[in-house]
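The values are calculated or read from the model by the stated rules, or taken from the named source; none is laboratory data. From a predicted model like this one, the values you see are computed outputs, not experimental measurements. We place every Cβ from the backbone using ideal geometry, glycine too, and count neighbours over all the protein chains shown. We work out accessible area using only protein heavy atoms, side chains counted, and drop any ligands, DNA or RNA first. Shrake-Rupley method; radii C 1.70, N 1.55, O 1.52, S 1.80 Å.
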Amino acid sequence: MDSALFVLNEDLLIRILSFISHDSDRKAFRLVCKAFLRVDSFHRTHLRILRPEFITTLFSKFPRIYSLDLSVCPQIDDGAVSMLVGYGLPDWSRRLRRLVLSRTTGLKSAGLAMLMKSCPVLESIDVSYCWGFGDREAAALSFGGSLRDVKLDRCLGLTDVGLAKIAIECQCLEKLSLMWCIEITDLGIDFLSKKCTQLKQLDISYLKVTSVSLHSISSMEKLELLAMVGCGIVDDEGLHYLGKGCPSLQALDVSRCDRLSSSALAFLINGHPSMLQVYASHCFHEFPTKVIQGLKDLKNLKKLILDGAPVSESFFKIINFNCKYLVEIGLGKCKGVTDKGILQLVSGGVNLNILNLTCCSELTDNAISAITDSCRSVLCLKLECCNLLTEKSLYHLGLHCSLLEELDLTDCFGVNDTGLYYLSKCTKLICLKLGLCTNITDKGLYRLARNCSEIRELDLYRCQGIGDDGLYALSSGCKRMQKLNLSYCSEVTDRGIECLSHLPELSDLEMRSLLNVTGTGLTALATGCKRLAELDVKDCPSIDDSGFMALAYYSRNLQQINLSHCAISDVGLCMVMGNLTRLQDAKLVNLYNVSNNGFEVALRASCVRLKKVKLIASLRLHLSPDIVKTLKARGCRIRWD
């Protein structure tokens, strides 16, 4: 073995490492020997950490790190930043080019300013979902004069003033996302368009802007991607402005823009025949032939998303004949999608990789047969609520679509154990959704788990034929499982949950209303699944404090938990909220065995790290004003149910 490893020089090891993308595989690579560890350490470029005090040590260990993610670090605030940065420029900050601070609600303008001044070559920053961020924080961001990519989604306090500050100081910006920054107006967008002339990607989704903003945006000569989802005030005039301007535009998302007409979209397409991506979901109530004819100009179109739009046979013919490079199409909830239309779409050389046919209820096995015959490299297929499909569709998928990675069969009544046997030939499956497929049992799941070892996400919501034997098969065959939904699978007991404890990578588990699961099952789960980050045990009344105590002791990576309608007591809740030092999101509704004082103590024990908490509305009258004030001051969003 040693002699075999000796012939692997560093260049070969680097090449091998470049093909390894999965975290567990990289960890196994590092553990082989010191040479492998050294290669991995030297070539790692990104860190996602949970405790900020280790930053300096980790950066010295990994000399090429330039990307840092602090989004899951619960204790990032101005004080923590002051300790990290200290005086002068620490070595780790001097080489940082990308920084993720999403959901770091405890960080304010002073701490952000210190970070920006300490990172002179920073090019990308993400402060999305920092609810309290406003104009002062925007002013702090403006110290990053070299910024090229800024993400400000749901920074609810940001106004035109803060945006102007960023636009003035960060004129090298190429990507900017302002989704849900609802205080931004036409004035701010106009100023942005004049100052940031290098912008290539802009997201103004859900802003209360009008067509005046699109008039300003139309002057951006380098803009390639514009997302404006849910801009309900923008009308056809705005698309006319874009049709005459933005010469570099290649991708446009106008989904859920209620006041736009399909003719305005046709005008825009006519002005941009080189468009590569068009997203117009739930936007149009009609799609006349004249508009469909305009799609002929999009010879290089790669993505077309028209969920919710009415379509006709002529639409499918035009797409098939003209859009030869199309790789993704979205027709979810579209009226007029039939077997004949799908046959026309795929039978002319169009080799689609991704198809969304959600709620296209007229489709039968014939449509799936046509897809599998013509699109054998399909990677993702969404067929939720296609109730006329039977096991024959899964036979065709298993026979022809060996590259299939994602399949959604939610609420497809025709899916049964035989169908899962056919589907098990798709050995590259990563994500499979079988929620509400009431005709599948442990037998079908066994066949699937035996062959599809790459599955990482599985949805079995309300599959009441699934029980402990099925979970045993999963735990034996699908060792890479990361996300699993077992909610309302009433046959599952402690034995089944104990089987899941043998899934070392499981990080997200939903197990609502499993009445036969007790503290014994939860204890086994907590002991075995050390990576568990999200857990939903709502309506599991048989789980007692013994299970929650084990959770508090073993599940130190837990970040999100739903305990609503559980039998947890004051002591159990205080242990969970106090010991889980990475917990950031908790749902605590209708905990009948927890007293008002129990809630008070539990919230005090976790207030420094909580970012979201859901409580029953009546509790508002019994909690002290001090704890509510403290939570809000730390940036925690309280939802009173």
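A few comments on the model shown:
- The label point for K244 and the one for V32, both projected 7 Å from the Cα toward the Cβ, are 6.2 nm apart.
- Centroid-to-centroid separation of segment 44-86 and segment 235-276 [C-alpha atoms, Å]: 42
- Between segment 412-442 and segment 571-607, the Cα center-to-center distance that results, in Å: 39
- Solvent-accessible area of D190 with every protein chain in place, 1.4 Å probe, in Å² to the nearest 10: 50
- Taking other residues whose beta carbon is less than 14 angstrom from the beta carbon of G467, and scoring Lys, Arg as +1 and Asp, Glu as -1, yields -4.
- Helices in the chain that qualify as membrane-span-like (whole DSSP H runs, Cα extent of at least 27 Å along the helix axis, mean Kyte-Doolittle hydropathy of -1.0 or higher) do not occur.
- Net charge of Cβ neighbours under 10 Å - reference R44; Lys, Arg +1; Asp, Glu -1: +3
- For segment 363-388, the residues whose backbone nitrogen is under 12 Å from a point 7 Å from the Cα of N351, taken along Cα to Cβ, are 374-378.
- Of the cross-linked pairs K108/K612; K165/K195; K479/K614, those separated by over 22 Å at the C-alpha level are K479/K614.
- Counted charge near H502, where neighbours are those whose Cβ lies closer than 15 Å (Asp, Glu -1; Lys, Arg +1): 0
- The chain - percent relative contact order, Cα under 8 Å, separation 6 or more: 5
- Extension gain from Q171 to R376, taking 0.36 nm per residue of separation minus the Cα-Cα distance: 69.2 nm
- From the C-alpha gyration tensor of the chain, square roots of 5λ in Å: 39, 36, 27
- Eigenvalues of the alpha-carbon gyration tensor of segment 1-137, scaled by 5 and square-rooted, set the equivalent ellipsoid semi-axes at 34, 15, 12 angstrom, largest first.
- FRET efficiency for the T427 to S60 pair, using the beta carbon distance and R₀ = 60 Å, is estimated at 0.90.
- Rounded to the nearest 500, the 222 nm mean residue ellipticity of the chain from helices alone is -10500 deg cm²/dmol, with -39,500 (n - 2.57) taken per DSSP H run of at least 4 residues.
- Additional length obtainable on full extension of the chain from V161 to R637, 0.36 nm per residue less Cα span: 168.9 nm
- Cross-link reach list, aspartates and glutamates versus K27, counting only Cα pairs under 16 Å and skipping chain neighbours closer than eight places: D40, E505
- Classification of segment 411-568 by its C-alpha gyration tensor yields a prolate form. The axis ratio a/c (a ≥ b ≥ c) is 1.5 or more, and a/b outweighs b/c.
- Spacing of the two label points (7 Å from each Cα toward its C-beta) at N322 and L50, in nm: 5.4
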